[in-house]
Amino acid sequence: MEFYFVSLTMSGLSGMAQEAGMFTVYQTIGNVLCCKCGISMQPNTTNMCLKCLCSEVDITEGLLKLHVIVHCPECQSYLQPPRTWVKLQLETKELLAFCLKRLQKNMNVNKVKLVNAEFIWTEPHSKRVKVKVSVQKEVYNGAILQQSYLVEYVQQDHMCESCSRVQANPDQRTFFYLEQLILKHGAAARAVRIKQMDHGIDFYFSKRSHGNSFLEFIGKVAPIRSRNDKQLVSHDSKSNDYNYKYTFSVEISPICREDLICLPPKAYIALGNIGPIVICTKVTNSIALLDPLTLKYSFLDADQYWRASFKSLLTSKELVEYIVLDLEVVSSKIGPSEITMGGTKYVLADAQVARPGDHALGYDLYRANSNDTEYENYKGHIPEVILIKKSYKEKRCGKPRSWKSLPMEVDDKVGVDYNLERDLFLKDPELEELMAGFESLDLFEDEDEEDNMEE
């Protein structure tokens, strides 16, 4: 006995009916009327058209539409909480991912799903980043609704820690002095690589002892603070060998020679009530401070400085030229009226000055714009002008030198700011006087300058 199984499909039956000339009825999907507006539509679980459903339900309610992001205007980086700064360019996928990450937690709470996101163009100077976001959410009876909304990110400018340290002392003369000392003494001779970073230099050594020796040298010539860390690179469990990479982070004091400083209360009490307005006269492994009103002086070592660190109130770039019209030497009631520090003679005197001029350089405290809260407490009790040094004609004319100093060979120099500041430092007409703050350096004959002088 044999059995046969025949499988017929709808397409097969319709095809057979057409061959036999029979009438066929095509299956159609019926339309229903919207329960709100009454228009004809495809049936769904809510019995409402899309417009009525969107008017009844707003899935973007409760979602963040305004958010503040912290932006560093100097290095164009953004703060990723709690303390990480990342460099991002406008309208890049990295910035889009950074912005959407700020919304992820809020979306999870409201149970919506991110579908699409894209930037909306804004003016670069508007301090706004706009993103169009599309989300989906399940609403009545399992129906899924998709809506789009605009998220506006407001850029709040705030300098990162690295830029803040540089901004506090933009001339970086102490850093350039230190570079010349490293070249003279060959302190970095064992470095396998020297790399220029945004706000400093990285030195790479093959042995930990070489790094320790370099760190000791830096601590002897500049006021620094350092911290160290180690990271496991590899480990052999059979021989029990561990390979570590050691990192030493060194921060140099931003105080430079001839800077005007307003000491915090803890600092000037610890120094015997010197100041609080003082002048930095020398920077080595300690900072020499001179009170211009009493000629009292003191030395601040690295440990004392970092316990109550402070910034410069005014730097040498803000020195103003004056003409001295009258000079009257005064006697100090609490100390000598004349003192010599580092080969420079200081005399306590009252001077009548006029500007502009070319005989003396000083700080104009009357017109100075400072955000130091301590300095505001002493306004009215200090002179309007404090003269720092004489200004000589040959120095202002920029007399050519027959010597030059060689730069440090580094990899990956960042931008032109470092090279520009260093060139200004080397072209300073008072470089010989400024070099007196450190040990004597090795100078090299400038053949190009001699050729120009012979011509």
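Here, each number is a calculation from the coordinates, and none is a lab measurement. Quick caveat: nothing in here was measured; it's all calculated off a predicted structure. Methodologically, a virtual Cβ is constructed for each residue, glycine included, from the backbone with ideal geometry; neighbour enumeration extends over all protein chains shown.
General observations
- Estimated distance in nm for a label pair at Phe248 and Lys230, the labels positioned 7 Å out from Cα along Cα-to-Cβ: 1.5
- Entries of Lys207/Lys282; Lys311/Lys389; Lys195/Lys238; Lys230/Lys266 with Cα pairs more than 29 Å apart: Lys207/Lys282; Lys195/Lys238; Lys230/Lys266
- DSSP-defined beta bridges in the stretch 50-157 - what % are antiparallel, rounded to 5: 80
- Three principal axis lengths of the stretch 223-313 [C-alpha, angstrom, descending]: 70, 22, 18
- For the stretch 166-291, radius of gyration divided by Kirkwood radius, i.e. Rg to Rh on alpha-carbons: 1.09
- Projecting label points 7 angstrom from Cα along Cα→Cβ for Leu100 and Val330 puts them 6.8 nm apart.
- Taken over the stretch 56-121, the percentage of Cα pairs per 5 Å bin, counting from 0 up to the bin with the maximum distance, is 3, 14, 24, 23, 17, 11, 5, 2, 1, 0.
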